[in-house]
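Peer 1: Here it is, the structure in full.
The values are calculated or read from the model by the stated rules, or taken from the named source; none is laboratory data. These numbers were taken from a predicted model, which means no experiment stands behind them. For neighbour counting, all protein chains shown are included, and Cβ atoms are generated from backbone atoms with ideal geometry for every residue, glycine included.
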Amino acid sequence: MKLIGSLTSPYVRKVRIVMAEKKLEYQFALEDVWANDDIVALNPLGKVPCLVMEGGDAITGALFDSRVIVEYVDTLSPVGKLIPERGRERAEVRVWEALGDGLLDAAILARLEQTWVGRSAEQRSAAWIDRQMDKVSASLKSMNQSLGEKLWCAGSHFSLADISLGCAVSYLDFRFPAIDWRGEQPNLARHFDKLAARQSFIDTAPPN
Ligand code: GSF
């Protein structure tokens, strides 16, 4: 398998952590989707991560987005099951993932509004940025509340829910260091410190 992505994308990181936790072998190919549009041949949305499966062509062999990829790779090995098989437990983990990804979607939209070179200073909207950052704040609050004193986000062990939370809050440290989410969300801070000590998180931390 070949995973196409970047070292800075939090969605790519989610997939890399899942691969590492499941001890799956794969090739990691770096691609800068902002510098060229080669990825479009595999993913018409022009985004990473994209997973190219062995023996497939561009249509049948390329998987996107990160949620589809992690769901697929979790089925490849019984080692460290990260998504429960069925029922409420499965839905609970998937909602955590949707919340983590949703926080990221909003934060990235806000960042692009602030920094994307295709937009002039007059075109940037402070109201739009505020709208997205309100979603980030509400998501952090909700994560903190749902986590409470629990050891893990969902159920009684480490799962994709924890990975999603970890990738989301870590992205804020990376791109929005001014946000003091730790001060406001102590449960989240405690849980993230535990996650950040895992080898899979250490090995995939975004570059300084
Ligand atoms: C989001 C992927 C994404 O936005 C997923 O895979 O979970 N829902 C998708 N990737 C960004 C890189 S990053 O900001 O993490 C991307 O490839 N953006 C290029 C573009 O043109 O939007």
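Peer 1: Considering only segment 103-126, state which residues are more than 20 Å from Ala178 (Cα to Cα) and not in a loop (DSSP other than H, G, I, E, B).
Peer 2: Ala121, Glu122, Gln123
Peer 1: Restricting attention to segment 145-178, which residues are within 12 Å of Ala189 (Cα to Cα) and acidic (Asp, Glu)?
Peer 2: Hits for segment 145-178 are Glu149, Asp173.
Peer 1: On to the next question. Only one of these conditions is not met by Gly155: (1) modelled with pLDDT of 95 or more; (2) of a type outside the set (A, V, I, L, M, F, W, C); (3) surrounded by 13 or more Cβ atoms within 10 Å (Cβ to Cβ). Which number is it?
Peer 2: Failing condition for Gly155: (1).
Peer 1: Still on this structure, please answer the following. Quick one: Glu21 ticks every box in (1) under 17 Å from the mean Cα position of the chain (by Cα); (2) within 14 Å of the ligand (Cβ to nearest atom) bar one, so which box is it?
Peer 2: In the conditions (1) under 17 Å from the mean Cα position of the chain (by Cα); (2) within 14 Å of the ligand (Cβ to nearest atom), Glu21 misses (2) alone.
Peer 1: Next question. Report whether or not Ile83 is of a type in the set (A, V, I, L, M) and assigned to a helix (DSSP H, G or I).
Peer 2: When the stated conditions are applied, Ile83 does not pass them.
Peer 1: Next up: Using the structure shown, decide if Gly87 is within 16 Å of the ligand (Cβ to nearest atom) and on the phi > 0 side of the Ramachandran plot.
Peer 2: The answer is no for Gly87.
Peer 1: Further, regarding this structure: Given the residues Ala168, Ala126, Ala121, which is the only one that is among the small types (Gly, Ala, Ser) and within 13 Å of the ligand (Cβ to nearest atom)?
Peer 2: Ala168
Peer 1: Starting from residues that are surrounded by fewer than 16 Cβ atoms within 10 Å (Cβ to Cβ) and not small (Gly, Ala, Ser), keep the ones in segment 66-80 and report whichever is nearest to the ligand (Cβ to nearest atom).
Peer 2: The selected residue is Val68.
Peer 1: Regarding Ala98, is this residue surrounded by fewer than 16 Cβ atoms within 10 Å (Cβ to Cβ), among the small types (Gly, Ala, Ser) and either within 13 Å of the ligand (Cβ to nearest atom) or not in a loop (DSSP other than H, G, I, E, B) (or both)?
Peer 2: Criteria met by Ala98.
Peer 1: Another one. If you take the residues in segment 104-132 that are of a type in the set (Val, Ile, Thr) and surrounded by 14 or more Cβ atoms within 10 Å (Cβ to Cβ), which one is farthest from Leu165 (Cα to Cα)?
Peer 2: Ile129
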